[in-house]
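One structure below.
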Amino acid sequence: MNKAITDGLELMPPPFANGLDVFSRGNGTPGTATYDTAASAAYVPADQDFGGCLELVKTDSVQRLRYTGETPILPGTYLRVRTRVKAISGNLPSVRIAGWAGGAGGAHVGGLTETGPSVALTSYGEVVEVSAIIGVGNRGGVDMVWGRQPLYGHFGLDLTGPTGGVVRIDDLVIEDITTAFLPEMLDFVDVRDYGARGNGSTDDSAAVEAADAAADGRALVFPEGVFRLDRDVTLESPARFVGRVEMPAARRLVLRRNFDFPSYAAAFGDEETGLKKALQALFNNVDHDSLDLGGRQIEIDAPIDVAAVVGSPRSFEIRRVVRNGQLKARDGAAWGVSTVTRSARYNRSSPNVLTNVASVGGIEVGARVSGQGVGREVYVRAKNAAAGTVTLSQPLYAAASTQDYGFTRFRYLLDFSGFEVLSKFLLTDIEFQLNGVASGILLAPQGKTFQVRDCVFNKPRHRGITSHASGCQNLQVDRTEFISNEQGVRSTQRQSVAINVNENDPKIRDNRFARMGISMVLAGAGNSITGNHWFQGDSFDNSPRQAGLLLTRTNCKTFITGNYIDNNIVEWSNEHDATPDQGNDFSFGALTITGNIFTANDVARSFSWLVIRPRGQGHFVQGLSVTGNVFRTLNGAIARVDRVNAADGALDMSRSRLIEFRGNTFNGVDQETVNPVTLEFTQTTPQGTWTLTPGAWLPFDGWTRTVEALTPQGRLRNSANVAQYVMPGIDVMQGAGNDQVRLQFPEATKGKVQLTVRMDRPY
């Protein structure tokens, strides 16, 4: 690029032969005296070295020569001022190129370097060339870095040193040498050419914005240096970083043309800072809905408080996506778990609040709550230090009126708890390399449709995805793998939880859970659990197992379909109910378990896959369908697939309704479970009363409440072996366990019957 050629820019001063009236003895500004009539100056037409030249007697301590023409200073343009000088007689001075920086309205721009390197004249008649380069940008080889404020300059030279010497000066040359810094073939703009200093202290925001405006589709280059930006900057041009950017935490850099993590990592010279700044821009920039991590591994030294990084707004319900990379937690003190114990009061009339809490300030929002009568996965939703209260994510089922509670705050790689509302946020194709150091994700307190898709949570220290409030509404987790950090630990001693949900309508689909403590804790309704594989076995013989899927709402409106449920329990509880005794609300119901594979190996005979654990009295089952499943054990049989854990309350079998156990396959199970069940009974000796015991076949050791059919097989005969064509009386719920059916015949009868009996009322 050469402005004299491309734009016809006039740079060259006239030769001295044209007269000395345009060469000032001062700074070159209008009104300063010229050399036109000066006794100390004369034009020499035929010097043997220079041809025409100016002969000058040095009379001042700093003898100035300035061209009075205004030479433009343009961003992106670099000028060289040069001339040749020789001493003729007298004292030998030093020579340097010099200038005067002019700004708007003809004002002098102070504080700049306005002289070039000084060259001493050491002998008479020796020709010495002096030169200096002037430009806006702070680049190597530029002698006078003027920035963007000067608009023009008056250029010439200074003679310094002793007076009395005579020198001759060749014509001044001012030339555009931008091509030495920015060849025309290159398709980028250097931010230094527009005044960026890159010194780490000067605010380069305006210079960078000016360079961006001038780039016109070309790339913007940040060379070596530290470019401080003290305000929000949005770049419309693609940017390349050799040096790095520094910004205050609250200021945003938006790279519109290359909005991806690798560019931000390069911009800030640090991966973790780059990720934070990229997230900040993602939430505050309307031009991009997604951030691509570029397949990069990003090492994280401390939990990322996403809301603090983003700043404003704290409520965000516009779709945003982060994709394609690996986030690796690097061990350090920042991941340390905080645990405090506090005394508090609990009143069931305010089921989600602890009151009279001592030292509330030391309790962290998002901490897990433990204590007597506290169900699994109860968290601190909010706190009020002035009121001495803590708001809980779930009620407590059996807490004393006053007792001690533990509050344990895990550390999450991505912590969204600082938002007020966060909806429609998606994480996809990301591996969370947690390494037993950190937990994965803490959701926002409110929000809908947070999505995790095609991700891996590798060895979470405590939790994979945690909801401490209601930001899990319609949570969607798809094709994601959770790999435990406790795989060598007994299954009953593991502490990790892959996912917990407090609200309704989660979709948990096609995921894999490898030996977590608990795979899922679902406290809401409308749960869709399909196509997953969760396995929680261990390497110990005859080992007990714990819950893999925990449902804590009685009327849970849930279907569990097409899953592979391996060495763990589907536990159905009401441990998040402050009044656990059955009242006027729905009891256990609205659960469909269809088309799953249940397997277990090396388990205790007492193991069952489906366990109902009522807290409180009066509960019953009022809508359960278990159909088309495969149950299989290896290395030892179990007694049955279903049971009731009555440690805190039993089921009222007299109220069972709408229960279906059909079409299931049982392998390695001593007692199959069917409802309604059709069994064949044979009475070999004539009896007037037949006592049939089908109860073991019924789910949860249910009662024989309903006989749907009784059909003789062949002829029933009396003691004389005469065929009988009579219908006996049928008594249900007989025996100590209400699990028998009694047939009353008019006379002693023998034979064979098929009985279809239910544990429930089918209506």
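Structural remarks
- For region 108-220, the strands (runs of 3 or more DSSP E) that sit wholly inside it and include 1 or more residues that are closer than 28 Å to residue 87 by Cα and more than 53 Å from the chain's Cα centre (by Cα) are 115-120, 128-135, 152-160, 166-169, 173-176.
- Per the listing 135, 195, the residue uniquely at pLDDT below 95, crowded, with 22+ Cβ neighbours inside 10 Å and in contact with a strand residue (DSSP E or B) (Cβ under 6 Å, 6 or more places away or on another chain) is 135.
- Scanning region 340-384 for residues that are farther than 23 Å from residue 552 by Cβ, assigned to a loop (DSSP other than H, G, I, E, B) and among the polar types (S, T, N, Q) turns up 356, 359.
- Answer from 624, 658, 591, 679 - the residue that is in contact with a Cys (Cβ under 8 Å, 6 or more places away or on another chain) and either in contact (Cβ under 8 Å) with a residue 40 or more places away in the chain or buried (at least 19 other Cβ atoms within 10 Å of the Cβ) (or both): 591
- Residue 76 falls short of the stated requirement of being at pLDDT 95 or above, surrounded by 14 or more Cβ atoms within 10 Å (Cβ to Cβ), in the same structural domain as residue 152 (by TED's automatic domain parsing) and small (Gly, Ala, Ser).
- Scanning region 469-479 for any residue that is more than 21 Å from residue 453 (Cβ to Cβ) and aliphatic (A, V, I, L, M) turns up at least one such residue.
- Odd one out for residue 525 among (1) under 26 Å from the mean Cα position of the chain (by Cα); (2) among the hydrophobic types (A, V, I, L, M, F, W, C); (3) not in a strand (DSSP E or B): (1)
- Applying the criterion of being among the hydrophobic types (A, V, I, L, M, F, W, C) and assigned to a loop (DSSP other than H, G, I, E, B) to the residues of region 1-37, the residue that is modelled with the lowest pLDDT is 1.
- The set of residues in region 226-245 being without any contact (Cβ under 8 Å) to a residue 40 or more places away in the chain, surrounded by fewer than 19 Cβ atoms within 10 Å (Cβ to Cβ) and either more than 18 Å from residue 287 (Cβ to Cβ) or not assigned by TED's automatic domain parsing to the domain that holds residue 287 (or both) consists of 226, 230, 231, 242.
- Filter result (among the aliphatic types (A, V, I, L, M), outside any loop (DSSP other than H, G, I, E, B) and buried (at least 22 other Cβ atoms within 10 Å of the Cβ)) within region 455-475: 465
- Qualifying residue in region 15-24 (condition: in contact (Cβ under 8 Å) with a residue 12 or more places away in the chain, under 30 Å from residue 195 (Cα atoms) and surrounded by 18 or more Cβ atoms within 10 Å (Cβ to Cβ)): yes
- Of the listed requirements (1) more than 30 Å from residue 435 (Cβ to Cβ); (2) outside the structural domain of residue 403 (by TED's automatic domain parsing); (3) small (Gly, Ala, Ser), residue 344 misses just one: (2).
- Any hit, region 699-713, residues being over 55 Å from the mean Cα position of the chain (by Cα) and of a type in the set (Asp, Glu): yes
- Any chance residue 401 is modelled with pLDDT of 95 or more and loosely packed, with under 14 Cβ neighbours inside 10 Å: yes
- Scanning region 531-541 for residues that are touching a Lys or Arg at 6+ places or on another chain (Cβ under 8 Å) and either in a strand (DSSP E or B) or among the polar types (S, T, N, Q) (or both) returns 532, 533, 534, 535, 536.
- In the set 676, 712, only one residue is at pLDDT 95 or above and touching a Lys or Arg at 6+ places or on another chain (Cβ under 6 Å); that residue is 676.
- Test: residue in region 432-449 that is outside any strand (DSSP E or B), crowded, with 24+ Cβ neighbours inside 10 Å and under 13 Å from the mean Cα position of the chain (by Cα): yes
To keep it simple, each residue is scored yes or no on (1) part of a strand (DSSP E or B); (2) not β-branched (Val, Ile, Thr).
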| site | (1), (2) |
| --- | --- |
| 53 | yes, yes |
| 65 | yes, yes |
| 75 | no, yes |
| 79 | yes, yes |
| 97 | yes, no |
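- Filtered by the rule that a residue be at pLDDT 95 or above, part of a loop (DSSP other than H, G, I, E, B) and either outside the structural domain of residue 544 (by TED's automatic domain parsing) or touching a Leu at 6+ places or on another chain (Cβ under 9 Å) (or both), region 578-617 gives 578, 587, 614.
To keep it simple, each residue is scored yes or no on (1) out of contact with any Pro (no Cβ under 6 Å at 6 or more places or on another chain); (2) at pLDDT below 95; (3) crowded, with 16+ Cβ neighbours inside 10 Å; (4) β-branched (Val, Ile, Thr).
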residue: 336; (1), (2), (3), (4): yes, no, no, no
residue: 351; (1), (2), (3), (4): no, no, yes, no
residue: 363; (1), (2), (3), (4): yes, no, yes, yes
residue: 387; (1), (2), (3), (4): yes, no, no, no
residue: 405; (1), (2), (3), (4): yes, no, yes, no
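- Test: residue in region 284-295 that is buried (at least 16 other Cβ atoms within 10 Å of the Cβ), in contact (Cβ under 8 Å) with a residue 40 or more places away in the chain and within 30 Å of residue 504 (Cβ to Cβ): no
- Any hit, region 164-173, residues being closer than 25 Å to residue 269 by Cβ and either touching a strand residue (DSSP E or B) at 6+ places or on another chain (Cβ under 9 Å) or buried (at least 20 other Cβ atoms within 10 Å of the Cβ) (or both): no
- Check on residue 307, outside any helix (DSSP H, G or I), in contact (Cβ under 8 Å) with a residue 12 or more places away in the chain and out of contact with any strand residue (DSSP E or B) (no Cβ under 6 Å at 6 or more places or on another chain): no
- The sole residue among 116, 103 that is out of contact with any strand residue (DSSP E or B) (no Cβ under 8 Å at 6 or more places or on another chain) and either in the same structural domain as residue 220 (by TED's automatic domain parsing) or more than 16 Å from residue 12 (Cα to Cα) (or both) is 103.
- Residues satisfying the stated conditions in region 691-712, i.e. in contact with a Leu (Cβ under 7 Å, 6 or more places away or on another chain) and within 11 Å of residue 752 (Cα to Cα): 710
- Count - residues of region 609-661 that are under 20 Å from residue 676 (Cα atoms) and of a type in the set (S, T, N, Q): 6
- One residue stands out in region 707-737 among those that are in a loop (DSSP other than H, G, I, E, B) and polar (S, T, N, Q): the one that is surrounded by the fewest Cβ atoms within 10 Å (Cβ to Cβ), namely 721.
The values are calculated or read from the model by the stated rules, or taken from the named source; none is laboratory data. No experiment lies behind these values; they were computed from the predicted model shown. Positions of Cβ are generated from backbone atoms using ideal geometry, with glycine treated the same way; all protein chains shown enter the neighbour counts.
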